[in-house]
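A.B. asks: Dumping the structure here so I can ask a few things about it.
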Amino acid sequence: MTTADTREPSRAAGIGLRASHHAAVMASPPAVGWLEIHAENYLGGGQARRCLDAVRRDRPVSVHGVGLSLGGADGLDERHLGRVAALVGEIEPFLVSEHLAWSVTGGVYHNDLLPLPYTEESLGVVAGNVTRLQERLRRRVLIENPSTYLRFAHSPIPEPAFLAALAARTGCGVLLDVNNVQVCAANHGFDAAAYIDAVPAGAVGEIHLAGHHVAQEDGVTILIDDHGSAVPETVWSLYRQAVRRFPKAPTLIEWDTRIPALDVLVAEAGQADARRAAALAGMNHAVAA
Amino acid sequence: MPSLRDIQRDFSRALLGGDDAAIVSAVLPDRLAPARRIQIYRNHTRITLREALAATFPVVERLVGAGYFATAARHFIEALPPRSPVLAEYGAEFAGFLETAPNAPTYLADVARLEWALNQAYHAPDAAPLSAAALAAMAPEAYGTLRLAPLPSTAVLTSSHPILSIWKANQAGADPAVDLGQGGQHVLVWRDTDGDAVCRALADAEAAFDGALIAGRTLGEAAEAGLALDPGFDLPAALAALLAAPAMKQL
């Protein structure tokens, strides 16, 4: 198996590894800093695992879980946790992350990152599950802010404060998805820049970028986090702020629906590198869309 | 105020087509009505799980059409939702569910079983196959009582319908003509050395032999099962084909 990854997480942005790109990635490793996988898509064998092992030989890899249901009041599915832990043990990724969301109740998996009410009760549930996950993996994980389409009537803790409390209680870090901040700010009417300023600077260990879909529901504009298009200018603008606040966090480009050719993702990662360098240089630049 | 567990049970019920009154009452009334907000989530669960089933059962969808498939998928998802977050493992019960689907073609469930076996073959865990060279290194007197095991990617299916012909006719670019009167077929499904899930028809004797080996019978017993159906059954060729696939491992 692979040896421990002693390489520094690359300064260059990474991309999500998706099944439709396996053949292209095997034929020619993409010119990006690192790759991220969804844990649940690499728990079997065959071509997917073969591609992952090939990628892992020459690039840092991050394992991003989408099904552990850390917000689940029932606690974690120990069988699934064991499978993810085995993958992490074999791949030795440089980052492991999951979501501030739930997807399982009563043993049923709903294939979505479902919203939580931000209460003391929820904080206790998520903290318990994150602690269990970190104990099982014997490492720190990053927890991602979700995209949401509703808020609960009783949800007294602001999301950045909830993430900060979770980090303080469990020692976990934060995966800041800038697109999700933009989606939630639009859907729930808060200031995205203020949200980013409220996330504790030392906690953020990774940044996600993606595109979203602008939908109309009963005449109300709702942003849907479909990861199905290029990063829009509104998200790039927030990214500049995020890079300055969290300069050490590596950046990932996510694209999960209407997935384009691999070189489009590689170009998007290059765009992130350029934007990041410009933001850190304090340059005031204008970029064509 | 409902507990988090209550909220999640109420949310789940609404996502799976049940009553949404309880979860709607817990949602902040905002610019968009709470019921419409819940609907966004319900649509996501329905659509993405239907797409997962369609990715695993493309020929079933082609045979019945997108509209019929969407209805069947919705009923299946609501009755038997996923129990694991690994979507490639969702749909083991879909073929059985299609047995009772109204006005479905008689062969539909068995075609679904073939697609499920191909899906399993593609995603199954890696395992070390038994090679012909490793078998040749064994003492010949031990062959008769030798027992093998299938790789996790291997399956033999038997249908009273020509499921392999139907499946092949519904691949991209294939001749769509199928003689449904040709009778049943046995099919061997495996993962080849390139990692592709593949399948081929088996004659009665070879299917009996392969099936017996996969079921854990000795090589001697499997040979008898093949020879009982065809005195001319070519045992060495059948065994060599299974090992070359690769389809078997050491027990």
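A.B. asks: Kindly check whether there is at least one residue in segment A:166-174 that is more than 27 Å from B:P29 (Cα to Cα), of a type in the set (S, T, N, Q) and surrounded by fewer than 23 Cβ atoms within 10 Å (Cβ to Cβ).
C.D. replies: Scanning segment A:166-174, I find at least one residue that is more than 27 Å from B:P29 (Cα to Cα), of a type in the set (S, T, N, Q) and surrounded by fewer than 23 Cβ atoms within 10 Å (Cβ to Cβ), so the answer is yes.
A.B. asks: So which of B:T71, B:T45 is within 8 Å of chain A (Cβ to nearest Cβ), assigned to a helix (DSSP H, G or I) and polar (S, T, N, Q)?
C.D. replies: Residue meeting the stated conditions: B:T45.
A.B. asks: What is the number of the single condition among (1) more than 22 Å from B:D6 (Cα to Cα); (2) touching a Lys or Arg at 6+ places or on another chain (Cβ under 8 Å) that A:L150 does not meet?
C.D. replies: The single condition A:L150 does not satisfy is (1).
A.B. asks: Here is a follow-up. Just wondering, is there one or more residues in segment A:20-28 that are more than 14 Å from chain B (Cβ to nearest Cβ), under 27 Å from A:A167 (Cβ atoms) and either at pLDDT 95 or above or crowded, with 18+ Cβ neighbours inside 10 Å (or both)?
C.D. replies: no
A.B. asks: Inside segment B:10-41, can you point out the residues that are among the basic types (K, R) and either buried (at least 20 other Cβ atoms within 10 Å of the Cβ) or more than 10 Å from every other protein chain (Cβ to nearest Cβ) (or both)?
C.D. replies: B:R37
A.B. asks: May I ask you to say which residue of B:A169, B:A174, B:A149, B:A139 is under 22 Å from the mean Cα position of the chain (by Cα), loosely packed, with under 13 Cβ neighbours inside 10 Å and of a type outside the set (K, R)?
C.D. replies: Answer to the check: B:A174.
A.B. asks: Specify which of the listed residues (A:I253, A:I207) is surrounded by 14 or more Cβ atoms within 10 Å (Cβ to Cβ), under 14 Å from the mean Cα position of the chain (by Cα) and without any contact (Cβ under 8 Å) to a residue 60 or more places away in the chain.
C.D. replies: Going through A:I253, A:I207 in turn, just one is surrounded by 14 or more Cβ atoms within 10 Å (Cβ to Cβ), under 14 Å from the mean Cα position of the chain (by Cα) and without any contact (Cβ under 8 Å) to a residue 60 or more places away in the chain: A:I207.
A.B. asks: Could you tell me whether A:S103 is under 21 Å from A:L176 (Cα atoms), within 15 Å of the chain's Cα centre (by Cα) and modelled with pLDDT of 95 or more?
C.D. replies: Spelling it out, it is not the case that A:S103 is under 21 Å from A:L176 (Cα atoms), within 15 Å of the chain's Cα centre (by Cα) and modelled with pLDDT of 95 or more.
A.B. asks: Here's something else I'd like to know. Just need a number here: residues in segment B:210-247 that are in contact with an Asp or Glu (Cβ under 9 Å, 6 or more places away or on another chain), crowded, with 19+ Cβ neighbours inside 10 Å and farther than 24 Å from B:N119 by Cβ.
C.D. replies: Counting residues in segment B:210-247 that are in contact with an Asp or Glu (Cβ under 9 Å, 6 or more places away or on another chain), crowded, with 19+ Cβ neighbours inside 10 Å and farther than 24 Å from B:N119 by Cβ gives 5.
A.B. asks: Also: Evaluate segment A:166-179: report whether one residue or more is among the hydroxyl-bearing types (S, T, Y) and under 25 Å from A:R79 (Cβ atoms).
C.D. replies: yes
A.B. asks: Further question on the same structure: If I ask for residues that are touching a Leu at 6+ places or on another chain (Cβ under 7 Å) and more than 10 Å from chain B (Cβ to nearest Cβ), which ones from segment A:29-41 would you list?
C.D. replies: Hits for segment A:29-41 are A:P30, A:L35, A:E36, A:I37.
A.B. asks: While we're here: Test each condition in (1) without any contact (Cβ under 8 Å) to a residue 12 or more places away in the chain; (2) surrounded by fewer than 20 Cβ atoms within 10 Å (Cβ to Cβ) for B:E61 and report the one that comes out false.
C.D. replies: The failed condition is (2).
Yes/no per residue for (1) more than 17 Å from the chain's Cα centre (by Cα); (2) within 14 Å of chain B (Cβ to nearest Cβ); (3) in contact (Cβ under 8 Å) with a residue 24 or more places away in the chain:
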position	(1), (2), (3)
A:I157	yes, yes, yes
A:L166	no, no, yes
A:L175	no, no, yes
A:N179	no, no, yes
A:V183	no, yes, yes
A:A186	yes, yes, yes
A:G189	yes, yes, no
A:V199	no, no, yes
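A.B. asks: Check segment A:268-275 and report whether any residue there is within 30 Å of A:Q134 (Cα to Cα), basic (K, R) and touching a residue at least 24 places away in the same chain (Cβ under 8 Å).
C.D. replies: No, segment A:268-275 contains no residue that is within 30 Å of A:Q134 (Cα to Cα), basic (K, R) and touching a residue at least 24 places away in the same chain (Cβ under 8 Å).
A.B. asks: Pull up segment A:115-129, narrow it to residues that are facing another protein chain (nearest Cβ under 8 Å) and in a helix (DSSP H, G or I), then point me to the one that is farthest from A:H154 (Cα to Cα).
C.D. replies: By that ranking, first place goes to A:V125.
A.B. asks: Taking helices (runs of 4 or more DSSP H) that fall entirely within segment B:76-136, which contain at least 1 residues that are more than 28 Å from A:L113 (Cα to Cα) and within 14 Å of chain A (Cβ to nearest Cβ)?
C.D. replies: B:108-123
A.B. asks: Further question: Among (1) touching a Pro at 6+ places or on another chain (Cβ under 8 Å); (2) hydroxyl-bearing (S, T, Y); (3) closer than 18 Å to B:E89 by Cα, there is one condition A:Y42 misses while meeting the rest; what is its number?
C.D. replies: (1)
To keep it simple, each residue is scored yes or no on (1) touching a strand residue (DSSP E or B) at 6+ places or on another chain (Cβ under 7 Å); (2) modelled with pLDDT of 95 or more; (3) within 30 Å of A:R136 (Cα to Cα); (4) not aliphatic (A, V, I, L, M).
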{"position": "A:V174", "(1), (2), (3), (4)": "yes, yes, yes, no"}
{"position": "A:C184", "(1), (2), (3), (4)": "no, yes, no, yes"}
{"position": "A:D226", "(1), (2), (3), (4)": "yes, no, no, yes"}
{"position": "A:T234", "(1), (2), (3), (4)": "no, yes, no, yes"}
{"position": "A:V243", "(1), (2), (3), (4)": "no, yes, no, no"}
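A.B. asks: Check B:V24 against each of (1) within 22 Å of A:P156 (Cα to Cα); (2) of a type in the set (A, V, I, L, M, F, W, C); (3) touching a Phe, Trp or Tyr at 6+ places or on another chain (Cβ under 9 Å) and name the one condition it does not meet.
C.D. replies: (3)
A.B. asks: I've got another one for you. For A:Q47, work out the one condition from (1) in a helix (DSSP H, G or I); (2) of a type in the set (S, T, N, Q); (3) more than 8 Å from every other protein chain (Cβ to nearest Cβ) it doesn't fulfil.
C.D. replies: It fails just one condition, (3).
A.B. asks: I'm trying to understand the selection: among the residues of segment A:204-222, which are closer than 16 Å to A:V181 by Cβ and within 11 Å of chain B (Cβ to nearest Cβ)?
C.D. replies: The one that is closer than 16 Å to A:V181 by Cβ and within 11 Å of chain B (Cβ to nearest Cβ): A:I222.
The values are calculated or read from the model by the stated rules, or taken from the named source; none is laboratory data. The structure presented is a predicted model; accordingly, all values stated were derived computationally and were not measured. No Cβ is skipped: glycine too gets one built from the backbone with ideal geometry, and neighbour counts run over all protein chains shown.
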